[in-house]
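Any read-out appearing in this document is the output of simple, stated calculations on the displayed coordinates, not a laboratory observation. Keep in mind the model is a prediction, meaning the values are calculated, not measured. In this analysis, Cβ positions are derived from the backbone assuming ideal geometry, glycine residues included, and neighbour counts consider all displayed protein chains.
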Amino acid sequence: MPSSPLSSAQVARAAVAARLQGLMKDAGLSGHELAARCGWHKSKSSRIARGKTPPSDADIRAWCAACGADDHAADIIAASRNAESMYVEWRQIHRDGMRRIHEQTTPLYQRTRSFCVYASNVMPGMLETAGYTTGLLKAITAAFGPEERFAHHLGSYLSVFSADNFLALDDWQMWLRDGDTGFGIMPVRDNTELRIAFGFESAPLAHDLRDGTALRQLVVDKLASLRWKGTRLAEAARKAPDFYCDAMAQIRMDQWSRGRVTLLGDAGYCPSPLSGQGTSLALVGAHVLADCLAQAPGDHQSAYARYEQRMRPFVAFNQALATENPGGPASEESVAHAKNALSLDS
């Protein structure tokens, strides 16, 4: 399959770093010893060896000289220049952002009547069916065990649904707390609709979370008991075509990997919406996992171990935001710890 200019450049840069690492190991040098021989700060040799910083021609010559491998310098310099030319090509293509790239493909999309998609292990989202998704989830469950082993209930449930803007809200949000229930209402789609998030405290329910009818009726009943707009909100929940309800829970696992499969985001360490960090954990986790795989070409086990080592402290701090002060916000100190618990340059 053809690869993108960016992915090709990343592979080429990683190959240069791997060759330099190989020379250092053959010479029996540590990163600190090589840096000392080259007159560099120790962090420079580390960043070059991990592909974080592209080496200059002079850096490569100094590296090879320190390893007693001057005859390798010219070849590695050529490979490094090739890798950097790929990055330059990618930056030029994207210098005006992604919109221009997307617009270039629009005519092709409009002309297409059928297309084929190849994926070595999973289906692209737009081609997934209910049966395929069920099968994939069963395979994950078979590898790691049932969700009940890892889901930790946080004492509440959240329902989200849409309604007509019967409150006439105009770029304005409303929040209300009423006993052990509460909701937030915000206008969307140019103030023509409302998005309603309704939460209520509860121990784990006996309801099957896949039984949408029972959950919907439970939410309708609780909304109807509210002292403000309860009847109207209950009716909106009853009719909403996009009704959603689920437990506020976190996923906590001792290990995120089995064989060649590893978990990312909510699948491995869902922090719950109460933390406000679900998207952040998923995006950061994807970045760290990709980085670890790039730094260990062909060795997924080492990459997975490094991924967990780097991510677990970050996950722990961010999950704690949801449990530190039940019913209220976490402290500013805790939020600061969560934000700074991981460096993407590690």
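Normalising by the residue count of segment 252-339, find the relative contact order in percent from Cα pairs under 8 Å and 6+ residues apart.
Relative contact order comes out at 26 percent.
Which of the aspartates and glutamates could be linked to LYS25 by a straight reach, that is with a Cα gap under 12 Å, when you skip same-chain ones fewer than 8 residues away?
Straight-line reach from LYS25, under 12 Å: GLU33.
Would you mind ranking PHE144, PHE198 so that the residue whose beta carbon has the fewest other beta carbons within 10 Å leads the list?
Fewest to most other Cβ atoms nearby, the residues stand as PHE144, PHE198.
Can you work out D for segment 141-276 in µm² s⁻¹ from Stokes-Einstein, where Rh is the Kirkwood radius over C-alpha pairs, the temperature is 37 °C and the viscosity is 0.692 mPa s?
My calculation gives 199 µm²/s for D.
For the pair ALA286 and ARG195, how long in nm is the line joining their label points, each one 7 Å along Cα→Cβ?
1.8
Would you mind calculating the relative contact order of segment 122-249 from Cα pairs under 8 angstrom and at least 6 residues apart, reporting the percent as a whole number?
Over segment 122-249, the number comes to 29 percent.
Tell me which lysines have Cα within less than 24 Å of LYS239's Cα, excluding those fewer than 8 residues away on the same chain?
Hits, sequence-local ones excluded: LYS222, LYS229.
Computed on alpha carbon atoms, what radius of gyration and Dmax characterise segment 134-199, expressed in Å?
In order Rg, Dmax, the Cα atoms of segment 134-199 give 17.9, 50 Å.
Which whole-number percent is the relative contact order of the chain (Cα, under 8 Å, 6+ apart)?
Computed over the chain, the figure is 12 percent.
Could you work out, for segment 5-93, what percent of all Cα-Cα pairs fall into each 5 Å distance bin, beginning at 0 Å and stopping at the bin that holds the largest distance?
Pair shares across the bins are 3, 16, 27, 25, 15, 8, 5, 1, 0.
Along the three principal axes, how long is the chain when you take its alpha carbons, biggest first, rounded to the nearest angstrom?
Computed over the chain, the largest-to-smallest principal extents equal 81, 52, 42 Å.
Excluding ARG227 itself, what net charge comes from residues whose Cβ is under 13 Å from its Cβ, given Lys and Arg +1 and Asp and Glu -1?
Net local charge, ARG227 excluded: +3.
For segment 248-315, state the semi-axes of the equivalent ellipsoid (square roots of 5 times the eigenvalues of the alpha-carbon gyration tensor), sorted largest first and rounded to whole angstrom.
In descending order, the three semi-axes are 22, 12, 8 Å.
Kyte-Doolittle mean at least 0.5 and Cα extent at least 20 Å along the axis: which DSSP H helices of the chain qualify?
130-144, 278-295
Going 7 Å from the Cα of ARG37 toward and past its Cβ, which residues in segment 60-74 have a backbone nitrogen under 14 Å from where you end up?
It comes to 60-73, nothing else.
State, to one decimal in nm², a quarter of the convex hull surface area for the C-alpha atoms of segment 209-346, i.e. the direction-averaged projected area.
The orientation-averaged projected area of the Cα hull of segment 209-346 comes to 10.9 nm².
Would you order ARG19, ARG149 from fewest to most other beta-carbon atoms within 10 Å of each residue's own beta-carbon?
Exposure proxy ranking, most exposed first: ARG149, ARG19.
Can you put TRP228, TRP63 in order, fewest other beta carbons within 10 Å first?
The fewest-first ordering by Cβ neighbours comes to TRP228, TRP63.
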